[in-house]
Amino acid sequence: MGFSGNAISASHLYRSIDAGAHWTDISSNLPNAPANSVIVDPNDANTLYIALDTGVYVTTQVTTCTTANCWSVYGTSLPNAPVISLAAAPALPTGDGRTGELRAATYGRGLWQIPLLTASGAAQPAISLSPTTLTFNDQAVATASAPQTITVTNTGAAPLTITRAEAITDNVPPTTHDFSETDTCTTAPIPINSTCSIQVRFQPTATSSRTGVLTVYGNVTGGQVTAALSGTGTPAAAIVLTPLNLSFPTTTINATSARQNITISNTGASTLSLQLPSVTGDFKLLANTCGSSLASSTGCTVSIVFTPTTSGTRNGTFTITDAAGTQTASLIGIGTSPATDALSPSSLAFAPQQLGTASAAQVVTLTNSGDVALSLIVAQILSGDFTAVNSCGASLNAHSSCSISVAFQPKSVGTITGTLAVSDEYGRTQNVTLNGTGIAPPGVSLSPLYVLNFPATGVGVNVLSQIVTLTNNDDLPLTLTSTTLTGANDFAIAPGTNTCPSGPNAILAANSACTMRLTFTPTAGGLRTGALTIVDSAPNSPHVLQLTGTGVGFALEKNGDTTVTINSGQSAVFPLLLTPAPLTPGTAVATFTCTGAPANATCTVTPDSVSLDSIRTISVTVLTGTKTASSSPPDQPRILWLAVLLPLGLLALRRHRLSGLALLSCLIVLAGCGSGRLIPGAGGSDPTPPTQVTPAGTYTIIASASSAGLTRSVNLTLIVK
């Protein structure tokens, strides 16, 4: 901290490489001024910064400071004040794309900062093209050359993203394209030291020397790189293809794209012969209006579709040979594999878990190995004391995985099963089976915890009972004082199911449990509540379990005549009225059935189901004399009967005149009157199947409505004359 002079030797900085056993003076050429702070560069141990009353100094070769001048002033614009402290912030942005700042505190003149000597820029991709110039051979106007390839290499330190590549002709309107490109570069980022390829074709639009530029755009400094293109267009051949390049939209593997057309034109003065066209790659000729020749100044069309067999960029060529030569057009499309929704594992088993606590989460993995995103993802617990956190969101990117975390939070003792359902855009729901065991906590507890919920149940219907468990996990016996149940007669302990001790000195042994089953029989519609209360000698007595359930009630009544008389072939309509009981939840749904329809009649109820949220009008329709398809072969012209059987009649006439006449008369009657008979095996069809008659009589039609185990019916009378 001192000054040298006046017989005082004040060195300012020492260095030790053996934990302080020995020190070396490395003040070297530092000014004769107090030193206040020193730090080692966090990125390079050979670089040191020191703060003196005269400013900040730096060395990048600390090992030379004992024998040579190694220090230099670092930075400019510091105020004329002692620098009393230094600090390095290696992750602090410098504002110019790098990270790493050195901060200096001055005496009374504020804080200052400057980038560390070792401040580094973020890892950046870099791009190189090989070659950077393409020269094409002479090419006839309106034809395309064979492709030449430019290789794109990521020479940087981060993935390279190519957004697009574009071939532009020099000094022509933007709609004129003498060069075209296809590439494999834009489908995915290019890893470090990896490559992709760009294929360039020369397709001159005019005769002359043609030049252009291929520009490749990406996330590199400057945003783009270029390659020079050149070629010479020669006079066009008589046969011209339009367009010379067909680009198909992204198409799912094994699916077929919309068709695209290529027009083949004869621009010459005479008729030219054509051979059959062909395509290569994942492309197919769908239609072809071209013949074996093409007249002057006329054209024909071929239609091509794209059916990818695998994912990625797919290339092909259209070729047709004519009297003027062979003409080609390039074909390109991108195949994508559909999204997948693999779910693993298919089941989860949890260790025993204390009531009211949550287990560690277990993970279900959803994997999309397709080329497109998987959407409309929904994950939910359908049943059981489990919770799920969907980290996938509603969509999962291609070739990605995400997780759904499931935890077990039991509310009842014993084995608990549940289901996690995962659905997606395919309309498919995949289920994961969940298993766990709930265990009672220390002390005395009642299970389930807090609330016992019963499902929606029809008024007067007894729902399946549920188990309630009282557990004594203490080391002392438990004295049971009373067990009471409230709930307006909706809830009850099922007879013969209560294993808990009763009586004046009822004792539940230490480390034991007893059970009972509760039933729900709603006496009215709407929400029904009650409570089970057990009073005992435990410190946390009484133990109260809230009970809830929903009653569903409704009436089905006539809304007009219940007796209808009709003839066969007519319809009978019976109007009914469905009236929900007060407070019945609108989420409950009633479904309808109809039975008792007579032969050759149908009975339908409209609508076939309704919500119990309001009074509804229902129609029961019985249609009699319904038509059924004939099981006999179709009818034939009656003359066939006569044509087949007449020779037999004539033969009979020759032998026995009287009997022959009788037989012939019979045949004529059959031909004229036997329209109900069909020749077996004859062709044709019967456009009007015969109407089936509903027998006359009195019939009882039963219309029923059902919901939550409750059924209401109405008897209807149908009279058929």
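Values quoted throughout were computed directly from the atomic coordinates according to the rules given, and no laboratory measurement underlies them. In this text, all values refer to a predicted model and were calculated from it rather than measured experimentally. Positions of Cβ are generated from backbone atoms using ideal geometry, with glycine treated the same way; all protein chains shown enter the neighbour counts.
Under a 5 Å amide H cut-off, with hydrogens placed 1.01 Å from N, Ser128 pairs with Thr153, Thr155 among residues at least 5 apart or on other chains. Compared with the dominant Cα axis of the chain, that is its longest principal axis, helix 657-673 is turned about 40°. Between the entries (i) 83, 71, 53; (ii) 85, 60, 55; (iii) 160, 119, 42, the label attached to Cα extents along the principal axes in Å calculated for this structure is (iii). The 3J(HN,Hα) values that the Karplus relation (6.51, -1.76, 1.60; θ = phi - 60°) gives for the range 579-589 are, in residue order, 10, x, 5, x, 6, 5, x, x, 6, 6, 10 Hz. Gly and Pro appear as x.
Of the beta bridges in the chain, as assigned by DSSP with both residues counted there, near 90 percent are antiparallel.
Straight-distance candidates among the aspartates and glutamates for linking to Lys411, with alpha-carbon spacing under 12 Å and chain neighbours fewer than 8 residues away dropped: Asp385. In the chain, the longest principal axis of the Cα atoms and the axis of helix 639-655 are about 40 degrees apart. Put in order of Cβ neighbour count within 10 Å, fewest first, the listed residues Ile416, Ile39 become Ile39, Ile416. In this structure, the amide hydrogen of Arg528, modeled 1.01 Å from its nitrogen in the peptide plane, lies closer than 5 angstrom to those of Gly549, Thr550, Gly551, counting only residues at least 5 positions away or on a different chain.
Taking Cβ atoms as reference points and 10 Å as the exclusive limit, the residues near Leu396 contribute a net charge of -2, counting Lys and Arg as +1 and Asp and Glu as -1. Around the amide H of Gln224, modelled in the peptide plane, lie the amide H atoms of Gly218, all under 5 Å away and 5 or more residues distant in sequence or on another chain.
Count Lys and Arg as plus one, Asp and Glu as minus one, and take only other residues whose Cβ is under 14 Å from that of Val459; the net charge is then +1. Please work out, to two decimal places, the log10 of the ratio I(q)/I(0) at q = 0.12, 0.15, 0.16 Å⁻¹ from a Debye calculation in which every Cα of the range 370-520 carries one identical scatterer. Summing over Cα pairs of the range 370-520 leads to -0.69, -0.89, -0.96. Taking the Cβ of Val714 as the center, what net charge do the other residues with Cβ under 10 Å away carry, scoring Lys and Arg +1 and Asp and Glu -1? Spelling it out: positives minus negatives among the neighbours equals +1.
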